[in-house]
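Engineer: Dropping a structure here in structure tokens format, bear with me for questions.
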Amino acid sequence: MRAAVIILAILSVALGGAAWKFHTDARSARDQMAELRDINRELGQRTRELAEHQEAMVAEVEKRLATEDENFADLDRIRSLYEELVAELEDEIQRKEVAVNRLADRLSVRMVERVLFRSGSAELSATGRDLLTRVGRRLQANGDHVIRVEGHTDNIPIGEKLVDTFPTNWELSARRAVNVVRHLEEEAGVDPERLQAVGRAEHRPVADNATAEGRSRNRRMELHLVPPSPAAGVVSGDE
């Protein structure tokens, strides 16, 4: 009888231990499953984030490539326009009446005063009108760049005969720039939204005003073809 009691006790202990181990193992499995579900959710979230990041990177690369293509196209157009102007103005360039310069996507045409105006006058000469019409028609072919027209003088003050019309070189240079802009619009067909008129007076010399030759070089008109800034019609910075 005592032996049977002992055996039952041993069996009870063994069964209890087995039951406890099963309970513990089951709880551990549930915890592991919960942990795996958490990990799976986290991996899913990271996968989605990586996919979104990859899409954004692809879009950015495509945007940059498109921008580069546009930039290359702009450079090609400016290069072609430069070559056309040099061919068109070959005689004037040889006589040093006109200079054409290009830097990347910017281009400028510099004309000395004597081919456009009489001394002290803001009215275009017949030669000047013909020259500007030829240049303007070439510039018009480039359809989005801004054309900034700048009038420049030497540092000699306005004479007494003209002081009532042009009190200073500011007025003279500005009036000349405006007349050039009007001619480009009315005679060369340039879109007026692309045009700007600027008077610089004597404050941006390209030569020494102490000599007659230097003053002659400083009396000039410059046409700058520059790309527009993101704000339509506004040019940022100088060449």
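The values are calculated or read from the model by the stated rules, or taken from the named source; none is laboratory data. In this text, all values refer to a predicted model and were calculated from it rather than measured experimentally. Positions of Cβ are generated from backbone atoms using ideal geometry, with glycine treated the same way; all protein chains shown enter the neighbour counts.
Engineer: Within the stretch 81-133, count every residue that is part of a loop (DSSP other than H, G, I, E, B) and over 16 Å from Ala177 (Cα atoms). First the steps, then the outcome.
Structural biologist: If we filter the stretch 81-133 for residues that are part of a loop (DSSP other than H, G, I, E, B), which is where we start, we get 89, 95-97, 104-105, 116, 118-123, 125.
So of that shortlist, the ones also over 16 Å from Ala177 (Cα atoms) come out as 89, 95-97, 104-105.
Within the stretch 81-133, residues that are part of a loop (DSSP other than H, G, I, E, B) and over 16 Å from Ala177 (Cα atoms) number 6.
Engineer: I've got another one for you. Looking only at the stretch 153-176, count how many residues are of a type outside the set (Val, Ile, Thr), farther than 9 Å from Ala201 by Cβ and assigned to a loop (DSSP other than H, G, I, E, B). Full working, then the answer.
Structural biologist: Of all residues in the stretch 153-176, those of a type outside the set (Val, Ile, Thr) come to 154-155, 157, 159-162, 164, 166-167, 169-176.
Remaining after also requiring farther than 9 Å from Ala201 by Cβ: 154, 157, 159-162, 164, 166-167, 175-176.
Retained after the next criterion (residues that are assigned to a loop (DSSP other than H, G, I, E, B)): 154, 157, 159-162, 164, 166-167.
Residues that pass the stated criteria total 9.
Engineer: Then there is this: With the structure loaded, tell me whether Thr127 is among the polar types (S, T, N, Q), in the same structural domain as Asp164 (by TED's automatic domain parsing) and more than 21 Å from Glu193 (Cα to Cα) or whether it fails that test.
Structural biologist: Numbers: among the polar types (S, T, N, Q): yes; in the same structural domain as Asp164 (by TED's automatic domain parsing): yes; more than 21 Å from Glu193 (Cα to Cα): yes.
Taking the combined requirement at face value, the residue satisfies it.
Engineer: So, Val180, is that one modelled with pLDDT of 95 or more and either in a strand (DSSP E or B) or touching a Phe, Trp or Tyr at 6+ places or on another chain (Cβ under 9 Å) (or both) or not?
Structural biologist: On the way: modelled with pLDDT of 95 or more: yes; either in a strand (DSSP E or B) or touching a Phe, Trp or Tyr at 6+ places or on another chain (Cβ under 9 Å) (or both): no.
Criteria not met by Val180.
Engineer: While we're looking at this one, here's another question. Filter the stretch 100-132 down to residues that are more than 14 Å from His152 (Cβ to Cβ) and among the acidic types (Asp, Glu) and give me whichever is modelled with the lowest pLDDT.
Structural biologist: So the residue we want is Asp105.
Engineer: Among residues belonging to the stretch 99-113 that are touching a residue at least 40 places away in the same chain (Cβ under 8 Å) and over 13 Å from Val149 (Cβ atoms), point out the one that is surrounded by the fewest Cβ atoms within 10 Å (Cβ to Cβ). Step through it out loud before you land on a result.
Structural biologist: Here is the first cut: in the stretch 99-113, the residues touching a residue at least 40 places away in the same chain (Cβ under 8 Å) are 103, 105-113.
Now drop any that are not over 13 Å from Val149 (Cβ atoms), which leaves 103, 105-107, 112-113.
Working: Leu103: 9, Asp105: 17, Arg106: 15, Leu107: 24, Val112: 19, Glu113: 24.
If we take residues in the stretch 99-113 being touching a residue at least 40 places away in the same chain (Cβ under 8 Å) and over 13 Å from Val149 (Cβ atoms), then Leu103 is surrounded by the fewest Cβ atoms within 10 Å (Cβ to Cβ).
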